[in-house]
Amino acid sequence: MQPSTTSTAALNWSAIQASLRTTLGDDTYTTWLANLKPQNLTAESLTLSLPTTFIQSWVEDNFRDVIATTISAELGKTLPITLTVEPAFNATSTPSKASTPATTQQPAAAPLAPTLPSTRLDERYTFDTFVMGRSNEFAFRAAQKAAQTMGKEGYNPMFLHGGVGLGKTHLMHAMAWDIKARNPSARILYLSSERFYDLFMHAMHVARDTMKFKDIFKDVDVLMVDDIQFIAGKTSTQQEFFNAFNRVVDMGKQVVLTADKSPVELDHIEDRLKSRMGAGVVVKVNAPEVETRLAILRSKAEKSEIIIPEPVLNLLAHTIASNVRELEGALNRIVAASRLMGHEITPEFAREQLADLFRIHTRIATLDDIQRTVADYFKIRVADMHSPRRSRNLARPRQIAMYLSKTLTSKSYPDIGRAFGGKDHTTVMHGVKAIENLLTRDPELAEHVSLLTKMLSGKV
Ligand code: ADP
Ligand code: MG
């Protein structure tokens, strides 16, 4: 929220900020006072705001005097100050990326319990927007179940692990939104491990008071700590984490943790902490298989308000296998480039725009490779690729090879026609179109095409 300039314009706020920074040092200033803002100035008093109740009470206890002195010096007179919580901060958060249209169903508008120093939840990360597939089905269902039972039925602690960009944070936020929707007064403390560490460091070094740190966890109903591998090895933080964690589980409250590895595999974590973390439900989030990758792309494409042809989605799903974030990034890049250049989205355009990714992920198939691989696969002769014979058992593999030639290489229709025994480019276009249509209707054919694509891009 902007300072209300009409009433606070008389303050030289940047001078006050500079002075506070000098007095308190960069670290302390950045941690506690960077978001201190003037809200209202009258002849009798000055109201200042801070983003959360937690920070406000901390600043009240620790820095009120220094703030008052600094402001008095700047104004040339003593003025009582009031510290409040910034009204907008705890309201429903805005999506973090302005470019993403808020087309998804909005999660419950209920604010986070204002006394908890939670990391902000992303509105886009809900169960509704999570695409379930074989790779993440167990994680998805367990997350839903834990959100419903909230520590009551053995899904506690819940430990989600897996590689980067596979949806752990998404699921955790989705649980928080779901719990909020069901139970608006639930006190959910969601912390990135950096946030956990920061809070701890402030307690230790700024306030020299670990009691305050402990207090944070006293009344929570749900504790979520994301990416706890970053707490590993920082021994005193780990100890405090363990204490907080134990206390919350012992109270029968739900705890949800994520990490890049399972509890037993985590390095530099004490054994007793490992075994305690693994005592509830431990779920691995796997890399999505190609069908799930396609479904994720389709769901994201729907939201982009731009038509993205199926062959392009297919190409991306087959090429970028390891990481949903990368998959999303690739799609966003293509959409952005197409908007910027006013260019239609085609497989060639996608390939061009993502040349860097494609070099990493694929080996480039040639038309020869494609014909040979497809012929082998369907147990026909390579010569049948070139022949004009139209019997179905030859024509279909030929069309598939044409389709793969169009999607996996940058050759033109006439080029492809020439490579297939001097066929007209309209024959190739017709063949490619036929396969595109069948892909959405014929699962068996889709499976063949999917496997062939993998074989040709060096994935199997
Ligand atoms: P992690 O925490 O495991 O590193 P994230 O939860 O941050 O991964 O996910 C990375 C991105 O991929 C996010 O934008 C997320 O919404 C998206 N994502 C991951 N898995 C899925 C899925 N199954 N359905 C929809 N989006 C997903
Ligand atoms: Mg994450």
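Since every read-out is calculated from the coordinates, none of them should be taken as a lab result. Only a predicted model underlies this, so the values are computations on that prediction, with no experimental measurement involved. Note that each Cβ is placed from the backbone with ideal geometry, even for glycine, and that neighbours are counted across all protein chains shown.
Specify the residue that is farthest from ligand 1 (Cβ to nearest atom); the eligible residues are those in the stretch 147-164 that are more than 16 Å from M277 (Cβ to Cβ) and under 17 Å from the mean Cα position of the chain (by Cα). Step by step, filter the stretch 147-164, then rank; the result is G163. In the stretch 128-146, the condition of being more than 15 Å from the chain's Cα centre (by Cα), within 29 Å of D198 (Cα to Cα) and away from ligand 2 (no atom under 16 Å from the Cβ) is met by at least one residue. Can we say K152 is surrounded by fewer than 22 Cβ atoms within 10 Å (Cβ to Cβ), in contact (Cβ under 8 Å) with a residue 40 or more places away in the chain and basic (K, R)? Against the criterion (surrounded by fewer than 22 Cβ atoms within 10 Å (Cβ to Cβ), in contact (Cβ under 8 Å) with a residue 40 or more places away in the chain and basic (K, R)), K152 qualifies.
Residue count for the stretch 283-295 under the criterion of being part of a helix (DSSP H, G or I), aliphatic (A, V, I, L, M) and touching a helix residue (DSSP H, G or I) at 6+ places or on another chain (Cβ under 6 Å): the result is 2.
Of all the numbered requirements in (1) charged (D, E, K, R); (2) in a loop (DSSP other than H, G, I, E, B); (3) under 17 Å from the mean Cα position of the chain (by Cα), E305 misses one, and that requirement is (3). Take F241 and tell me if it is among the aromatic types (F, W, Y) and surrounded by fewer than 19 Cβ atoms within 10 Å (Cβ to Cβ). So F241 does not fit the description; no.
Scan the stretch 316-362 for residues that are in a loop (DSSP other than H, G, I, E, B) and away from ligand 2 (no atom under 16 Å from the Cβ) and report the count.
Start the filter on the stretch 316-362 by keeping residues that are in a loop (DSSP other than H, G, I, E, B), which leaves 320-323, 342-346, 354, 362.
If we keep only those that are away from ligand 2 (no atom under 16 Å from the Cβ) too, we end up with 320-321, 342-346, 354, 362.
Adding up the residues that qualify gives 9.
Please work out if R247 is of a type in the set (K, R) and either within 18 Å of the chain's Cα centre (by Cα) or closer than 30 Å to H448 by Cβ (or both). No: the conditions fail for R247. The set of residues from the stretch 273-302 being more than 10 Å from ligand 1 (Cβ to nearest atom) and charged (D, E, K, R) comprises K274, R276, K284, E289, E291, R298, E302. Filter the stretch 235-281 down to residues that are part of a loop (DSSP other than H, G, I, E, B) and within 16 Å of ligand 2 (Cβ to nearest atom), then give me how many there are. Total meeting the criteria: 4.
Cβ separations smaller than 7 Å between residues 6+ apart or across chains give the following pairs from the stretch 166-189 residues that are closer than 16 Å to V255 by Cα to residues that are acidic (D, E): T169/D226; M172/D226; H173/D122; A186/D221; R187/D219; R187/D221; I188/D221.
Contact map, the stretch 126-138: first residue closer than 16 Å to K180 by Cβ and charged (D, E, K, R), second residue within 16 Å of ligand 2 (Cβ to nearest atom) and outside any loop (DSSP other than H, G, I, E, B), Cβ cut-off under 9 Å, separation 6 or more or different chains; pairs are D128/A174.
When the stretch 312-327 is filtered for residues that are in contact (Cβ under 8 Å) with a residue 60 or more places away in the chain and in contact with a Pro (Cβ under 7 Å, 6 or more places away or on another chain), the ones remaining, listed by number, are L315, V324.
One residue alone among S410, S405 is of a type in the set (S, T, Y), part of a loop (DSSP other than H, G, I, E, B) and either under 24 Å from R293 (Cα atoms) or out of contact with any Lys or Arg (no Cβ under 6 Å at 6 or more places or on another chain) (or both), and that residue is S410.
Taken as a whole, the condition of being in contact (Cβ under 8 Å) with a residue 40 or more places away in the chain, polar (S, T, N, Q) and within 20 Å of M277 (Cβ to Cβ) applies to S192. Among the residues of the stretch 164-179, the ones that are more than 10 Å from ligand 2 (Cβ to nearest atom) and out of contact with any strand residue (DSSP E or B) (no Cβ under 7 Å at 6 or more places or on another chain) come to 3 in all.
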